[in-house]
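Here's the structure we're looking at; comments come further down.
The values are calculated or read from the model by the stated rules, or taken from the named source; none is laboratory data. Since this is a predicted model, take the numbers as computed values, not measurements. Here the Cβ is made from the backbone with ideal geometry for all residues, glycine too, and neighbour counts use every protein chain on show. Surface areas here come from the heavy atoms of the whole protein model, side chains and all, with no ligands, DNA or RNA. Shrake-Rupley method; radii C 1.70, N 1.55, O 1.52, S 1.80 Å.
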Amino acid sequence: SDIGSQKERVVTEEEWLQKWEVGNIGFHKEQGHPLLQKYLDVLLNGRSGLRIFFPLCGKAVEMKWLADMGHSVVGVEVSEQAVKEFFSEHSLPYCEEPVTEISGAKMFQSTSGDISLYCCSIYDLSSSIVGKFDGVWDRGALVAVNPCDRQRYASLMISLVEKNSSYLLVTVSYDPNKHKGPPFYVPESKIKSLFG
Ligand code: SAH
C-alpha cells in the first residue's frame, strides 16, 4: 500500500503531551517557515484582515507573524504547555476562559484579541464554535494526524473553510518504510482523495 507499515500507527494525545513535557519538539522552528513566506500571496490573494486557522498549531511562530500583519489567527492545540509557551515566548499578555461547548476545553486569547488558541482536540471543534476561515496554514498538521483519522480530519477542515478560502498544506516526502512517523508520509494521491 502507499503508506506501508505506517497505516496502523497511532500516536496518542498522551504521547503528544509527553513530547512537550520532555522537550522532544524537533518539529518546532524558531524561524518562520520559508514556504509560508514564498506562498503568502497565494494565502492572502490580495485580501486583508483575514481569519486564518492553524490546525495542530503547537507554538508556531507564524501565528504571531500573520497577526502582526493585521489578520486574526485561531489555532487549536492539545498541549496547554505549548499554548502558554507561545504567549510567553512572544511576551504577549493573554487571558484564558473555558469553552462552554466543549467539556474541559479552554480558549487562550491575546489581550489584543487577534490570536485565539483553543486548548482541546481538533476533533472537538466545529464551525458553530470557531466559525469559518478565509485561510489555513497546515504545516505539521495533516502529516501529524494518525493515518486512521485522516478522513475525519479532512472532512472537518473542509467544514471549517469559507468558499473563497486558500489552504496551504505542507507535506514531507520520504520513504515510509524507513521511518515510522510522525510526520507521516501523505502522498499527493491521498491528498486528492481527501480534499478533492
Ligand atoms: N503545526 C505546528 C506543530 C506541529 S506538531 C508547527 O508547525 O510547529 C503537531 C502538534 O499537534 C503537536 O504540538 C501536538 O501536541 C498537536 N496535536 C496532536 N494531536 C492533536 C489533536 N488531536 N488536536 C489538537 N492538537 C493536536
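Just a few scattered comments:
- Meets criteria (assigned to a strand (DSSP E or B), touching a strand residue (DSSP E or B) at 6+ places or on another chain (Cβ under 6 Å) and more than 27 Å from Thr12 (Cα to Cα)) for Asp138: no
- Of all residues making up the stretch 141-170, the number that are over 21 Å from Ser72 (Cβ atoms), touching a residue at least 12 places away in the same chain (Cβ under 8 Å) and outside any strand (DSSP E or B): 13
- For the stretch 1-29, a residue qualifies if it is modelled with pLDDT of 95 or more, assigned to a loop (DSSP other than H, G, I, E, B) and under 21 Å from Asn146 (Cβ atoms), and the qualifying residues are Val10, Val11, Thr12, Asn24, Ile25, Gly26, Phe27, His28.
- Of all positions in the stretch 163-177, none carries a residue that is under 16 Å from the mean Cα position of the chain (by Cα), farther than 17 Å from His33 by Cβ and not small (Gly, Ala, Ser).
- Annotation note: Cβ proximity below 8 Å between a residue of the stretch 38-58 that is closer than 23 Å to Ser127 by Cβ and a residue that is open to solvent by less than 30 Å² (accessible area, probe 1.4 Å) and of a type in the set (Asp, Glu) (sequence gap 6+ or interchain) occurs for Phe54/Glu62; Pro55/Asp138; Leu56/Glu77; Cys57/Glu77; Gly58/Glu77.
- Residue in the stretch 88-103 that is within 16 Å of the chain's Cα centre (by Cα) and either surrounded by 16 or more Cβ atoms within 10 Å (Cβ to Cβ) or away from the ligand (no atom under 15 Å from the Cβ) (or both) present: no
- Selected residue (only one of Gly58, Gly32, Gly70 is part of a loop (DSSP other than H, G, I, E, B) and surrounded by 18 or more Cβ atoms within 10 Å (Cβ to Cβ)): Gly58
- Count of the stretch 136-184 residues which are away from the ligand (no atom under 14 Å from the Cβ), among the acidic types (Asp, Glu) and under 23 Å from Asn45 (Cβ atoms): 1
- Residues located in the stretch 37-59, provided they are touching a Phe, Trp or Tyr at 6+ places or on another chain (Cβ under 6 Å) and within 16 Å of the ligand (Cβ to nearest atom): Phe53, Phe54, Lys59
- Residues that are in contact with a Leu (Cβ under 9 Å, 6 or more places away or on another chain), assigned to a strand (DSSP E or B) and either without any contact (Cβ under 8 Å) to a residue 24 or more places away in the chain or open to solvent by 10 Å² or more (accessible area, probe 1.4 Å) (or both), drawn from the stretch 112-127: Tyr118
- For the stretch 99-114, the condition of being more than 26 Å from Glu15 (Cβ to Cβ), of a type in the set (S, T, N, Q) and out of contact with any Phe, Trp or Tyr (no Cβ under 7 Å at 6 or more places or on another chain) holds for at least one residue.
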